[in-house]
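The values are calculated or read from the model by the stated rules, or taken from the named source; none is laboratory data. None of the values given here were measured: they were computed from a predicted structure. Positions of Cβ are backbone-derived with ideal geometry, glycine not excepted, and every protein chain shown enters the neighbour counts.
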């Protein structure tokens, strides 16, 4: 039996080992999902919601254990990992509460002679491919609304965080979700591609890299099924001349370095109006120096290791390349004692004197580094923010909401924030443009993605 190991970035030891699913396991999983879904699609919205809410409560009851497991698996400080479980609950409850209204029939005509209506019907079995950096928060975006819409779900977790799938399975089992409606498979990339080609898979939701998104689309060629892709980002922020500078510094430092920068919607490049540039940079650098890099299980740690040494080496290489091109590193890595070459522990870095010829301002970093550029005008800031192959989210810091709306309309991005960043509001659709993906999750619009419209024209 083939297995895979979870190597913890904390101390490089094997934290868990799990067997890969066999061909027979996969067939049994698909058959169970198909059979269970045929019954589940006839269950009332109220019944589905009651079970899903119980599953949320069951997961919260295991919050402490799940949070510690998550820290061990991917390195986020233990002081923060419980927040992901709470975030799962927040999003899940919102999507459950709006389901009845969003899945209700749309009646076009109701007369003595004719009834015309549109009914949202489930796809069937949804394959949810979940990344390691936020395994609960990304999973909930699809799993809960898919179940509420009458689908069955098969979760393919990242090999770095497989225990998240087990915890979700336990929660649904505790809640009494009928067998076969939520399952998981531990499979590699090649097997995942083969699975997507199976007739029993009716929709694919993928969260991950742009490269991974291309692979998912290639795997689905010829199937005529819908594919939702939540991909990478190079998210920018603009600090206007009228911004509350203290609030901007606090928000953007957190947006750049939370989760060691390993977030698709983390802030990776900042443009600051010349009137605020010096004071913003001074404050940003000073606050960055307050981070404590180290063992994520210790309460004083605010910055944990990256997911593995290779990821840290890649980011360090991007930083060094920018410095060779003329960028100025403002953080002395030696001041962070835990930072070490050839390990997952990497100090945060703030780069000045950067430009768009540098990879650090062009390519996704997915690590604790950010570049800051001075701009002269709103127009220059918008042009630079749009000068990217990505378009996930963007952040504008200003005291003028009309200006924020005007500038946000010009930005090529799925989400535009004013005076905040790196956040998903469950009431708003989460989507990207360009290389950041297609489709959307969360909000009422998610139910349109996870169902298809069926028309009824009834004449008496």
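Somewhere in region 157-170, is a residue assigned to a loop (DSSP other than H, G, I, E, B), more than 30 Å from residue 345 (Cα to Cα) and either in contact (Cβ under 8 Å) with a residue 40 or more places away in the chain or not assigned by TED's automatic domain parsing to the domain that holds residue 308 (or both)?
no
Given the criteria surrounded by fewer than 23 Cβ atoms within 10 Å (Cβ to Cβ), assigned by TED's automatic domain parsing to the domain that holds residue 300 and in contact (Cβ under 8 Å) with a residue 12 or more places away in the chain, does residue 357 qualify?
yes
So, of the residues in region 229-248 that are crowded, with 20+ Cβ neighbours inside 10 Å and out of contact with any helix residue (DSSP H, G or I) (no Cβ under 6 Å at 6 or more places or on another chain), which turns out to be nearest to residue 130 (Cα to Cα)? Outline the logic, then answer.
Here is the first cut: in region 229-248, the residues crowded, with 20+ Cβ neighbours inside 10 Å are 229-240, 243, 248.
Of the ones still in play, those that are also out of contact with any helix residue (DSSP H, G or I) (no Cβ under 6 Å at 6 or more places or on another chain) are 230, 233-235, 240, 243, 248.
On the way: 230: 10, 233: 17, 234: 20, 235: 21, 240: 36, 243: 36, 248: 31 Å.
Of everything passing the filter in region 229-248, 230 is nearest to residue 130 (Cα to Cα).
Kindly evaluate residue 343 against the criterion of being in contact (Cβ under 8 Å) with a residue 12 or more places away in the chain, over 27 Å from residue 409 (Cα atoms), out of contact with any strand residue (DSSP E or B) (no Cβ under 7 Å at 6 or more places or on another chain) and surrounded by fewer than 18 Cβ atoms within 10 Å (Cβ to Cβ). So that I can check it myself, show each step before the final result.
Details: in contact (Cβ under 8 Å) with a residue 12 or more places away in the chain: yes; over 27 Å from residue 409 (Cα atoms): yes; out of contact with any strand residue (DSSP E or B) (no Cβ under 7 Å at 6 or more places or on another chain): yes; surrounded by fewer than 18 Cβ atoms within 10 Å (Cβ to Cβ): yes.
The answer is yes for residue 343.
Looking at 251, 326 in this structure, which one is in the same structural domain as residue 341 (by TED's automatic domain parsing), surrounded by fewer than 18 Cβ atoms within 10 Å (Cβ to Cβ) and within 22 Å of residue 385 (Cα to Cα)?
Values: 251 fails: surrounded by fewer than 18 Cβ atoms within 10 Å (Cβ to Cβ).
Going through 251, 326 in turn, just one is in the same structural domain as residue 341 (by TED's automatic domain parsing), surrounded by fewer than 18 Cβ atoms within 10 Å (Cβ to Cβ) and within 22 Å of residue 385 (Cα to Cα): 326.
Taking the conditions exactly as written (surrounded by 21 or more Cβ atoms within 10 Å (Cβ to Cβ), assigned by TED's automatic domain parsing to the domain that holds residue 126 and under 20 Å from residue 435 (Cα atoms)), does residue 218 satisfy them or not?
No.
Please state which of the following conditions residue 280 fails to meet, knowing it meets all the rest: (1) assigned to a helix (DSSP H, G or I); (2) assigned by TED's automatic domain parsing to the domain that holds residue 12.
The number of the failed condition is (2).
Give the number of residues within region 193-215 that are surrounded by fewer than 22 Cβ atoms within 10 Å (Cβ to Cβ) and closer than 13 Å to residue 131 by Cβ.
Result for region 193-215: 4.
Considering every residue within region 72-80, establish whether at least one is in the same structural domain as residue 143 (by TED's automatic domain parsing), assigned to a strand (DSSP E or B), surrounded by fewer than 24 Cβ atoms within 10 Å (Cβ to Cβ) and in contact with a strand residue (DSSP E or B) (Cβ under 6 Å, 6 or more places away or on another chain).
no
Picking from 312, 338, which residue would you name as being surrounded by 15 or more Cβ atoms within 10 Å (Cβ to Cβ), assigned by TED's automatic domain parsing to the domain that holds residue 281, at pLDDT 95 or above and assigned to a helix (DSSP H, G or I)?
312
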